[in-house]
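Worksheet: the structure to be examined is printed underneath.
The values are calculated or read from the model by the stated rules, or taken from the named source; none is laboratory data. None of these values were measured; they are calculated from a predicted model. Note: ideal-geometry Cβ built from the backbone for every residue, glycine included; neighbour counts use all protein chains shown.
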Amino acid sequence: MSRRLGAVWEGLRALTRVVTVTIGLLLIGGPGLAQRLPQVGPDLSPAEVQQLFDAFVLVQAQEALSLTDAQFGPFVTRLKQLQATRRRTQQQEQRLLRTLQQLASRGDTSDDDLEARLQELDEQRTHAAAAVRNAHAAVADVLEVRQRVRFQTFERRMEQRQMELLMRARNARGRQTQPRRQRPNQTR
């Protein structure tokens, strides 16, 4: 059992190193590098970018928080749950907002129907905040006090990097889909 766990651990570390290097190169390398590396280029879907970034966060967290071997397993499980909870609640809110916008743009939707949908959105936001708070508390339970402090700033830094990564991926996709302009023939 111990050997198997050690092999899994080493496999996870090797995978996270590859993901870290790939995302790190994308974050610091700019659009030109993204075109040279097909696995991190504009062909990635937003979901794939998110999965890569989630793996990157795990690797960076271990270093930034100085996690012990005993903390790492429970931390990974709970951080993944936190990430999944955030993603799920954001998707639910987006669905409700789209539905609400569609209903509002139709002329045959009553104000009572819209009010009911707004109430549903408010309730969803309340439940989402509680779910994220509980998932965050579960992560904090694994950490010591100083690690919890570092985790707060770590999360903020990762949010900023995620936005940068998503913007670069979106910009790379936009450049890929835009037709290239041809230069007019110049006669000399």
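VAL139 meets the stated requirement of being of a type in the set (Val, Ile, Thr), at pLDDT 95 or above and in contact with a Leu (Cβ under 6 Å, 6 or more places away or on another chain). The residues listed here are THR126, THR109; of these, the one that is among the hydroxyl-bearing types (Ser, Thr, Tyr), over 17 Å from GLU159 (Cβ atoms) and not in a helix (DSSP H, G or I) is THR109. Do you know which of the residues in region 111-144 that are touching a helix residue (DSSP H, G or I) at 6+ places or on another chain (Cβ under 9 Å) and polar (S, T, N, Q) is farthest from GLN81 (Cα to Cα)? Filtering first and then ranking leaves GLN124. Before we move on, is ALA70 closer than 27 Å to SER45 by Cβ, free of Cβ contacts under 8 Å to residues at least 60 places away in the same chain and exposed (fewer than 13 other Cβ atoms within 10 Å of the Cβ)? No: the conditions fail for ALA70. So for region 79-96 (the condition being hydrophobic (A, V, I, L, M, F, W, C) and in contact (Cβ under 8 Å) with a residue 60 or more places away in the chain), does at least one residue qualify? Within region 79-96, one or more residues are hydrophobic (A, V, I, L, M, F, W, C) and in contact (Cβ under 8 Å) with a residue 60 or more places away in the chain. When restricted to residues that are modelled with pLDDT under 95, surrounded by 10 or more Cβ atoms within 10 Å (Cβ to Cβ) and hydroxyl-bearing (Ser, Thr, Tyr), region 105-136 contains 1.
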